[in-house]
C-alpha cells in the first residue's frame, strides 16, 4: 500500500490531457536550452552501414517498400545488426501521430494510408532473411479507430504462418508497441496475434516524462499497459527500456526499476540517448560504460530475468533478442506441458 501511494504521489507530475505542465516541462517548452555535455566519447562512435549483407537487406526491404526502425530512428547499432543480416520491422508507415522530443521518426496528425499487404510483405521479408527472432515495432497511430492493433496482430500471424510453412514454426516474435491510449481491447487484439514477447518502453523516469515524451504519453499509463499485457496472457514475457542521459538521477532510475518490477516486467534494457538532430532534446550527460554495468547488476538483483545495459544498447538490440529467445522458448514449452 505504501508503494502504491508513493507512485501515485509522484504521478502528479505527469503531464496528460487536462493537467498542468510541471515546472521542468514549462522551462523546456519551445526552444531547448543549450547544453554542452562535452565531446562525444570514443565508446559512442559507430561505423557507417556497409558490406554485402547490408546491401542484400536493403534490397529485401526496398523491394517490398518496408520500413525499419534501424533507419527511421537512426539506431546506432544499424551497421552492426545489418551486417549480421538482422533488422527490426516498423509497420503502419513511417509517420507517427505523436511527437516525442527524443525520437527521429517523422510526425504528423495523420499517418500514412495503411498498406493492407504489409503483413504479407513483412512475412516474406522475414523468410527471405531467414530470421528466427523478429522484433516488430510500430508508429503510434492515434488517427486509426483501433490504433493499428489489428494490423500489428495480422503481421505477427502472417510471419508465424509463413515460418510454419517454411521452417516448421521456428520463429519467435517480439511486439514492441505503443500504449494504444491505454485501451485494453486494443492491447488484447495485439496479444491475440501471438507475440512471444510483449514490449512497451517507459523511455525515461517519472520526473522527465513530460519533457521527453509526447504529452499524450504517461509514465503511469505505460506501466499499466505492461501489467495489463501480463493479465491478458499470464506467462507472457514483458519488456521495457530506459534511455539515459536526460539528467535522471540514480535514485530516479532505482524508482523506475521498482515500478517496472511491481508491474511484473521481466526484462529491461538501458541505453544512451543520442540526439538525432538539433531540433530534438540535447544530451545532458554521456553515461559511462562503468555506470551502465553498475545499473545492470542493480537491475538483476531486483529480479529481472534479463538486463541489457550499455551506451549503444537499444530496446531491440540483438544481444537481448538472443537471450529472450531462450526465455520465451522455455515459457512456451512450460505452457504446453501444463495443458
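How many residues, within the range 224-243, are buried (at least 18 other Cβ atoms within 10 Å of the Cβ) and either in contact (Cβ under 8 Å) with a residue 60 or more places away in the chain or touching a strand residue (DSSP E or B) at 6+ places or on another chain (Cβ under 6 Å) (or both)?
Selection size over the range 224-243: 11.
Does the range 301-322 include one or more residues that are out of contact with any helix residue (DSSP H, G or I) (no Cβ under 9 Å at 6 or more places or on another chain) and modelled with pLDDT of 95 or more?
yes
Hey, can you tell me all the residues within the range 270-282 that are closer than 16 Å to residue 242 by Cβ and out of contact with any helix residue (DSSP H, G or I) (no Cβ under 6 Å at 6 or more places or on another chain)?
Of everything in the range 270-282, those that are closer than 16 Å to residue 242 by Cβ and out of contact with any helix residue (DSSP H, G or I) (no Cβ under 6 Å at 6 or more places or on another chain) turn out to be 271, 272, 273, 274, 281.
Could you please let me know if residue 225 is closer than 24 Å to residue 260 by Cβ, modelled with pLDDT under 95 and in contact with a helix residue (DSSP H, G or I) (Cβ under 8 Å, 6 or more places away or on another chain)?
When the stated conditions are applied, residue 225 does not pass them.
Report yes if some residue within the range 290-309 is assigned to a loop (DSSP other than H, G, I, E, B), surrounded by 21 or more Cβ atoms within 10 Å (Cβ to Cβ) and within 19 Å of the chain's Cα centre (by Cα); otherwise report no.
No: zero hits.
Does residue 285 satisfy the criteria of being outside any loop (DSSP other than H, G, I, E, B), out of contact with any helix residue (DSSP H, G or I) (no Cβ under 7 Å at 6 or more places or on another chain) and farther than 20 Å from residue 199 by Cβ?
Criteria not met by residue 285.
The values are calculated or read from the model by the stated rules, or taken from the named source; none is laboratory data. Predicted model, so just to flag it, every value in this text is computed and none were measured. Every residue, glycine among them, receives a Cβ derived from its backbone with ideal geometry; neighbour counts consider all protein chains shown.
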